[in-house]
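The values are calculated or read from the model by the stated rules, or taken from the named source; none is laboratory data. Not measured: the values here are computed from a predicted model. Backbone-built Cβ (ideal geometry, glycine too); neighbour counts: all protein chains shown. Remember, those area values only see protein heavy atoms, side chains included, never the ligands or the DNA or RNA. Shrake-Rupley method; radii C 1.70, N 1.55, O 1.52, S 1.80 Å.
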Amino acid sequence: MTKALTILGIESSCDDTAAAVVRLDDTATVLASVVKGQNDLHADFGGVVPEIAARAHAERVDICVEEALAEAGMTLSDINGIAVTSGPGLIGGVLSGVMCAKGIATATGLPIVSVNHLAGHALTPRLTDAVTFPYLMLLVSGGHCQFLIAEGPETFRRIGGTIDDAPGEAFDKTARLLGLPQPGGPHVERAAQTGDAKAFALPRPLLDRAGCDMSFSGLKTALLRARDAVVTEKGGLTEKDRSDLSAAFQLAVSDILTEKTRRALTEYFELQPEKRVFAIAGGVAANGPIRAALMALCAELETDFVAPPLNLCTDNAAMIAYAGGVRLLAGQSDDMAFKARPRWPLDDRAPALLGSGKKGAKA
Ligand code: KG4
Ligand code: ZN
């Protein structure tokens, strides 16, 4: 049996401050996971304000650590190592977590590991479902949208991603345009339930282009135009218009993600013919119709579909503790001099994606 390690994880790269305690040996167990969101702080601004986020992280990160330790029934003396997100993300927020982690490591002498936030998401199917390498992963949230083939704990091949906005951002913008509350995804999904997706013809950008890259910003603009046309004609939006526009938008996102996933799976099968596992993570993975469309695609292509529980799909520190813990178990740790990185591509062999969304730089 592998020796057991208990890891404290810290995450502060976007608009969730989080700490978690994860126990790792041959298996992984989440002993505590605390997440403090900031939706209320950013609600008036139509997006995450980096300075407000950084201040909130600085104020709350040590509280999250205390709460996570208490939830696990532990003190720092029970911890064997610290894992912290050091990028990619909003630099002020990342710095809050990194400084807290370095402070604890200095005071206790515990080893510290710097973790790539995207690696945290990409390794979550191993934490929750013990999925073995290699698998295809779709990260789809307010800040990320990319296809990764996870080949090893530190080896990821990015085979596509958004060249502009992330789908979650597009859901949030759609909600704002339709007068629905933030974060927009769940509200657009609810409105879409009674809508007719065919009432409006919205584009499917980049579907005509080969490969797995995606684009969502033109879809947002198309929705704005469709809304404005209704407002000009009728002087406002009815509930039915809101539902129809929501349904048309959601179907367009679903069609783009499904078709690009089909292509990503084909590329993955060619590169890794021995495995057929597809996993999703990120807030947009909570969307019922999108999830159903991806599940149906996997059933058609005889591929296992893995979706971690939502609290581990969205930003959290358990995934960071796990990703860092794997390195600690392998006898690795980082020098205290590691830096916070706003950009940190998981696969530096892949060409840079063009976009940089409101929730921070894409990697
Ligand atoms: O992963 P997450 O919690 O945070 C990051 O963005 O990193 O994802 C939040 C995003 C938001 O943009 C939100 O609108 C979207 O995920 N989202 C959804 C749904 N639930 C959350 N989008 C579509 N349908 C949903 N049910
Ligand atoms: Zn994330």
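What share of the DSSP beta bridges in segment 133-311 is antiparallel, in percent to the nearest 5? Walk me through the intermediate numbers first.
On the way: 12 of 20 bridges.
Antiparallel: roughly 60 percent of the beta bridges in segment 133-311.
Name the long-range amide H neighbours of Asp165: under 5 Å, sequence gap of 5 or more, or other chain; modelled H, no Pro or chain starts.
Those qualifying (amide H under 5 Å, at least 5 residues apart or on another chain) are Phe216, Ser217.
Assuming R0 = 56 Å, what is the FRET efficiency of Arg176 and Ala107, from their Cβ-Cβ distance, to the nearest 0.05? Before the final figure, lay out the partial values.
Numbers: r = 44 Å, r/R0 = 0.78.
Efficiency at R0 = 56 Å is approximately 0.80.
Would you please give the residues with an amide H less than 5 Å from that of Gly160, counting only those at least 5 places away or on a separate chain, with H modeled from the backbone geometry?
Distant-sequence amide H within range of Gly160: Phe147.
Show the residues, 5+ positions off or on another chain, whose built amide H is closer than 5 Å to the amide H of Ala279.
Sorted by chain and number, the residues that satisfy this are Leu136, Met137, Leu138, Val306.
Only helical DSSP H runs with n ≥ 4 go in: add -39500 (n - 2.57) per run for the chain, normalise by residue count and round the 222 nm mean residue ellipticity to 500 deg cm²/dmol. All intermediate terms of the calculation are to be shown ahead of the outcome.
On the way: 11 runs with 158 residues, N = 363.
-14000 deg cm²/dmol, from helical runs alone.
Using only the Cα atoms of the chain, construct the convex hull and provide its projected area averaged over every direction, in square nanometres to one decimal. Don't skip to the end; give the middle numbers.
On the way: hull surface 71.6 nm².
Result: a mean projected hull area of 17.9 nm².
Which of the GluC sites (Glu not before Pro) across segment 22-83 are loop residues per DSSP, with 14 or fewer other Cβ within 10 Å? Please report the intermediate quantities before stating the final value.
Values: sites: Glu51, Glu59, Glu66, Glu67, Glu71; in loops: none.
Here no GluC sites (Glu not before Pro) fit, given the DSSP loop and packing criteria.
Contour minus end-to-end for Leu224 and Ile63, with contour as 0.36 nm per residue of separation and end-to-end as the Cα-Cα distance? Don't skip to the answer; put the middle values down first.
Numbers: separation 161, 0.36 × 161 = 57.96 nm, distance 4.10 nm.
Stretched fully, the Leu224-Ile63 segment lengthens by 53.9 nm.
Looking at the chain only, what percent of DSSP beta bridges run antiparallel? Nearest 5 please. Present the calculation step by step, with values, prior to reporting the outcome.
Details: 30 of 47 bridges.
Around 65 percent antiparallel, to the nearest 5.
In whole Hz and in residue order, list the ³J(HN,Hα) couplings for segment 84-91 that follow from phi through the Karplus curve 6.51 cos²θ - 1.76 cosθ + 1.60, θ = phi - 60°; x for Gly and Pro.
9, 5, 10, x, x, x, 6, 4
Counting only protein heavy atoms, what percent of the accessible surface of the chain is carbon or sulfur at a 1.4 Å probe? Don't jump to the answer; show the numbers that get you there.
Values: 7770 of 14550 Å².
Answer for the chain is 53 percent, counting heavy atoms of protein chains only.
Count the lysine pairs in segment 133-311 whose Cα atoms sit under 23 Å apart, keeping only pairs 8 or more residues apart in sequence or on different chains.
13
Restricting attention to segment 1-107, which trypsin sites (Lys or Arg not before Pro) occupy a DSSP loop and are surrounded by at most 12 other Cβ atoms within 10 Å? All intermediate terms of the calculation are to be shown ahead of the outcome.
Working: sites: Lys3, Arg23, Lys36, Arg55, Arg60, Lys102; in loops: Lys3.
Passing sites in segment 1-107 are Lys3.
Using +1 at the C-beta of Lys and Arg and -1 at the C-beta of Asp and Glu, which of Met295, Thr128, Leu251 has the Cα lying farthest in the positive direction of the dipole of the chain?
Leu251
Give me the 1.4 Å probe accessible area per residue for the chain, excluding ligands and nucleic acids, in Å². Before the final figure, lay out each step's value.
Numbers: 14550 Å² over 363 residues.
That works out to 40 Å² for each residue.
Roughly speaking, what is the stretch gain from Glu51 to Ala330, that is 0.36 nm per residue apart minus the C-alpha to C-alpha distance, in nm to one decimal? All intermediate terms of the calculation are to be shown ahead of the outcome.
Working: separation 279, 0.36 × 279 = 100.44 nm, distance 3.66 nm.
That works out to 96.8 nm of additional length.
Once phi is turned into ³J(HN,Hα) by the Karplus curve 6.51 cos²θ - 1.76 cosθ + 1.60 with θ = phi - 60°, what whole-Hz value does each residue of segment 335-340 show in order, with x for glycine and proline?
5, 4, 7, 4, 10, 6
Give, as a single signed number, the net charge of other residues whose beta carbon lies under 13 Å from the beta carbon of Ser33, with Lys and Arg counted +1 and Asp and Glu -1.
Details: positive: Arg23, Lys36; negative: Glu11, Asp16, Glu67, Glu71, Asp315.
Once all neighbours under 13 Å are counted, the net charge is -3.
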